Amino acid sequence: MTATPFTATILGSPRIGPNRELKRALEKYWAGSIERAELEAVAATLRRQTAESLAAAGLDSIPVNTFSYYDHVLDTAAMLGALPARVADIADDLDRYFAAARGTDEIAPLEMTKWFDTNYHYIVPELAPGTRFSLNPAKVLAELKEASALDVPARPVVVGPITFLALSKAVDGPSNMIAPIERLDELVAVYAELLQLLADEGVGWVQLDEPVLVTDILDNVAELADRTYATLGRVARRPSLFVATYFGEFTDALPALARTPVEAIGVDLVAGGVSAVAAVPELAGKTLVAGVVDGRNVWRTDLENALAALAKLSGSAGSVAVSTSCSTLHVPYSLDAEDDIDPAVRGWLAFGAEKVTEVVTLARGLRDGRDAIEAEVAASNAAIASRRSDPRLTNKPVRSRISSITASGSQRGPAQARRAAQNERLNLPLLPTTTIGSYPQTPAIRGARAQLRSGKIDRTEYERRMKAEIADVIRLQEELGIDVLVHGEPERNDMVQYFAEQLDGFLATQNGWVQSYGSRCVRPPILFGDVARPKPMTVDWIIYAQSLTDKPVKGMLTGPVTILAWSFVRDDQPLADTAAQVALAIRDETVDLQTAGITIIQVDEPALRELLPLRSKDQDAYLKWAVDAFRLATSGVSDTTQIHTHLCYSEFGEIIGAIADLDADVTSIEAARSHMEVLDDLNAAGFANSVGPGVYDIHSPRVPSTEEIADKLREALRAVPAERLWVNPDCGLKTRQPDEVTASLRNMVAAAHQVRAEIS
Ligand code: GLN
Ligand code: ZN
């Protein structure tokens with residue numbers, strides 16, 4: 001039986017709590033200071049508040065089962081009986097789930113990786129040859145029951161089978177192990193069972209999330225969509241099926257999916273255009289769920305435009321429902337808490353709650369005509385006009401400086417010549433040792449920051465304490481015998497926020513928290529206007545550190561791509577243009593550091609991989625502007641100033657050529673877990689500059705032995721000549737304990753000495 005089409009919905013919602021209630025409860029539960037019942041009560045309250053507020057706002061279909069104690073992909077694995085065998089013996093279901101997510105003293109956690117091109121991390125399901133899928137519907141049924149008690153029109157949401165398998169990884173098999181997607185038919189049978197169960201519960205609509213259909217992760221998506229949804233469509237007793245896609249424009253899989261019996265299809269109309277969708281004849285008779293409200297950025301919707309798009313679509317589909325482009329998991333809860341934001345800019349924004357209102361307004365406009373929402377359209381137009389004409393959106397001097405620098409090309413000489421000049425000036429030993437930037441953010445540091453915020457201490461006292469921390473870190477590195485020192489970054493709350501707070505064109509929120517993974521939340525700054533640097537941002541700290549030692553201290557900056565990736569970025573101009581403006585600010589900082597006598601400057605780009613477009617056809621253009629931005633940021637200094645960069649969090653495969661193109665003098669790169677394979681890949685890409693493949697994993701508290709690090713170095717020397725090899729950990733040390741750091745670095749320096757002796 002086909003359920004009545006809905007008209008206004010969102011694909012999912014934030015769950016960490018408007019004031020991070022879930023985060024706090026989770027952390028207390030993990031620390032053993034509250035009982036399971038108390039955690040569950042917090043979670044139930046949050047779920048109830050979410051469902052009630054969405055219904056009160058006027059949505060006629062409410063997503064449920066979008067709550068998660070940690071991650072929705074892990075929830076799906078649990079629902080499908082696909083948790084790894086190593087947690088199977090844990091009797092308590094919640095503790096079993098948390099063991100898979102976070103590990104225990106004895107059990108390694110599952111891996112975690114970025115959810116498509118967002119900054120949300122999901123848990124990667126492991127499929128072993130022995131994994132037998134079986135339905136475990138307790139969570140979805142419980143959340144449905146809660147929603148029906150509230151009498152809201154609930155629509156359960158689950159990750160679809162194609163996406164689930166595409167994001168899973170095969171483990172424990174022979175080397176020719178089968179790819180997870182080969183198990184599709186087996187898994188679809190479990191989903192069929194789920195559909196029957198939901199039908200028995202009286203569910204009208206179910207949402208299956210299939211973002212993978214609009215990416216190039218799998219190459220035969222049209223066929224997979226056809227096979228899966230033809231089968232699920234044939235299930236005799238089932239709810240109406242809504243297959244949601246997001247994060248990409250819909251191409252070949254859309255007609256295929258539309259030929260199956262599914263009743264509704266969701267398309268992301270922020271990522272892709274309306275015309276392509278309107279031209280698909282197979283959509284006639286389907287409900288098209290039109291994602292016209294941006295679910296992952298913070299800008300207010302242009303209602304006039306969105307309404308026009310909806311009108312265009314309504315001719316081609318059986319019915320049109322208005323929606324966000326994706327779950328609003330990726331934006332903060334609401335603007336309500338933001339009374340400090342510049343009122344003009346506040347009017348340009350829409351967070352989660354405001355987006356729901358936009359959806360409801362548009363649905364009303366679509367049903368009753370534009371006149372019915374005249375007031376809302378007028379307010380939207382006024383906000384858009386105010387944004388367009390705001391003087392902060394264009395900084396002419398910045399724009400003309402960028403074009404003149406870009407036109408005159410890079411001032412730096414060829415890499416070989418730079419290396420020779422730097423060697424002569426810096427006079428470092430072979431296999432120089434260094435660290436990536438941060439040292440442990442101790443309770444004293446975090447306490448000082450909190451006291452500054454609350455007014456307990458003033459700026460002078462805060463700076464005095466930070467300088468004391470810097471002096472400690474310099475002393476420690478000298479004592480350990482490290483060759484190139486860092487100041488330790490105590491003054492930085494976050495490597496992006498620190499810069500955003502000092503640059504024009506950014507603003508900070510008070511309560512704009514977004515889940516990054518598990519209980520971890522971030523508060524991305526909003527990049528709303530042209531970016532400019534009113535004054536130096538790091539120079540005082542770095543020259544203070546340099547004044548304490550004769551060894552070189554690295555200047556430490558965040559690169560333009562990473563600053564963009566971890567902010568909400570303006571959507572009114574190409575990302576490439578915005579990146580160039582950030583790059584110019586960083587460039588000015590490198591020149592100031594050089595003038596102050598700093599000889600080595602590191603520009604971190606850990607998020608280079610993260611912004612890589614999901615469609616391969618868009619990747620080259622991205623990599624070109626990303627590399628251009630990095631080069632703009634780093635080419636203002638002379639050949640004798642050594643530029644470092646740092647990359648982590650990724651499979652570098654697709655971006656390895658771009659890493660070589662960055663042309664940094666020294667690249668430190670995460671490699672401890674990927675066994676130095678990255679060096680061979682770099683060689684294959686023609687990379688011939690210096691490289692520091694991380695010699696130990698900083699994500700774990702484990703202290704690596706000298707011998708183990710020495711082995712890593714010997715292994716690296718097979719791929720890279722000693723003249724080009726650096727010795728460093730995988731990443732910054734800010735999340736580690738001081739004693740672990742000291743012990744690990746002591747072994748790292750000893751290993752470098754040992755291997756130096758072997759080769760000289
Ligand atoms: N310099 C930064 C640090 O050490 C780099 C962090 C990162 O790569 N994410 O903390
Ligand atoms: Zn890193």
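The values are calculated or read from the model by the stated rules, or taken from the named source; none is laboratory data. Bear in mind that the values here come from a model prediction, so they are computed numbers and not experimental data. Cβ atoms come from the backbone with ideal geometry, glycine included; neighbour counts cover every protein chain shown. Heavy atoms of the whole protein, side chains included, go into the accessibility calculation; ligands, DNA and RNA do not. Shrake-Rupley method; radii C 1.70, N 1.55, O 1.52, S 1.80 Å.
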Sparsely packed trypsin sites (Lys or Arg not before Pro) within region 191-257, loop by DSSP, other Cβ within 10 Å at most 16 | ARG234, ARG237
Note to self: with every protein chain in place and a 1.4 Å probe, region 21-62 gives an accessible area per residue in Å² of 50
Scalar couplings 3J(HN,Hα) for region 316-331 by Karplus 6.51 cos²θ - 1.76 cosθ + 1.60 (θ = phi - 60°), nearest whole Hz, x for Gly and Pro, are 9, 10, x, 8, 10, 10, 8, 8, 7, 5, 7, 4, 7, 3, 8, 10
Accessible heavy-atom area order of ASP105, ASP639, highest first, probe of 1.4 Å | ASP105, ASP639
Once amide H atoms are placed 1.01 Å from N in the peptide plane, what residues at a sequence separation of 5 or more from ALA244, or on another chain, have their amide H within under 5 Å of its amide H?
-> LEU208, ASP209, GLU210, GLY266
Between the alpha-carbon centers of region 289-334 and region 354-390, tell me the distance in whole angstrom.
-> 12
Given H placed 1.01 Å from N in the peptide plane, which residues other than close sequence neighbours of ALA321 have an amide H under 5 Å from its amide H?
-> LEU288, VAL289, ALA290
Roughly how tilted is helix 415-426, in degrees to the nearest 10 and between 0 and 90, from the longest Cα axis of the chain?
-> 50
Under the rule rounded for a/c under 1.5, else prolate if a/b exceeds b/c, else oblate, using alpha carbon gyration tensor axes a ≥ b ≥ c, region 486-561 is classed as oblate
For region 745-760, Karplus couplings with θ = phi - 60° (6.51, -1.76, 1.60), whole Hz, Gly/Pro x = 5, 4, 5, 5, 5, 4, 5, 4, 4, 4, 6, 4, 4, 5, 9, 9
Summarise the accessible area of the chain (1.4 Å probe, protein heavy atoms) by the percent that is carbon and sulfur.
-> 51
Report the accessible area of LYS734, computed with a 1.4 Å probe over the heavy atoms of all protein chains in place, in Å² rounded to the nearest 10.
-> 80
Along each of the three principal axes of the Cα atoms of region 422-481, give the extent in whole Å, ordering the values from largest to smallest.
-> 48, 21, 17
When every protein chain stays in place and a 1.4 Å probe is rolled, THR287, THR460 sorted by accessible area with the largest first are THR460, THR287
Quick calc, the chain, dipole around Cα centre from Cβ unit charges on Lys, Arg (+) and Asp, Glu (-), nearest 20 debye, gives 960
Cα centroids of region 442-487 and region 580-633: how far apart, whole angstrom?
-> 27
On Cα atoms only, tilt of 303-314 relative to the major axis of the chain in degrees = 50
What are the extents of the Cα atoms of region 536-591 along their three principal axes, listed from largest to smallest and rounded to whole Å?
-> 47, 19, 14
With label points set 7 Å from each Cα along the Cα-to-Cβ direction at GLU27 and THR549, the distance between them in nm comes to 3.0
For the pair GLU461 and THR735, the simple spin-label estimate (label points 7 Å beyond Cα toward Cβ) gives in nm 3.2
Using a 1.4 Å probe and counting only protein heavy atoms, arrange GLU374, GLU263 so the residue with the most accessible area comes first.
-> GLU374, GLU263
Under the Karplus relation with 6.51, -1.76 and 1.60 and θ = phi - 60°, whole-Hz ³J(HN,Hα) for region 602-618, x at Gly and Pro, equal 9, 10, 6, 10, x, 9, 4, 6, 5, 7, 4, x, 6, 9, 4, 5, 8
Among rounded, prolate and oblate, which fits region 453-502 when a ≥ b ≥ c are the square roots of the eigenvalues of its C-alpha gyration tensor, a/c under 1.5 means rounded, and a/b larger than b/c means prolate?
-> oblate
Counting only residues 5 or more apart in sequence or on a different chain, those whose built amide H sits under 5 Å from that of GLY692 are THR667, SER668, ILE669, TRP726
If you line up the long axis of helix 396-408 against the longest principal axis of the chain, both from Cα atoms, how many degrees apart are they, to the nearest 10?
-> 60
For the chain, whose charge dipole is built from +1 on Lys and Arg Cβ atoms and -1 on Asp and Glu Cβ atoms, the candidate among LEU430, ALA407, ILE563 with its Cα farthest towards the positive end is ALA407
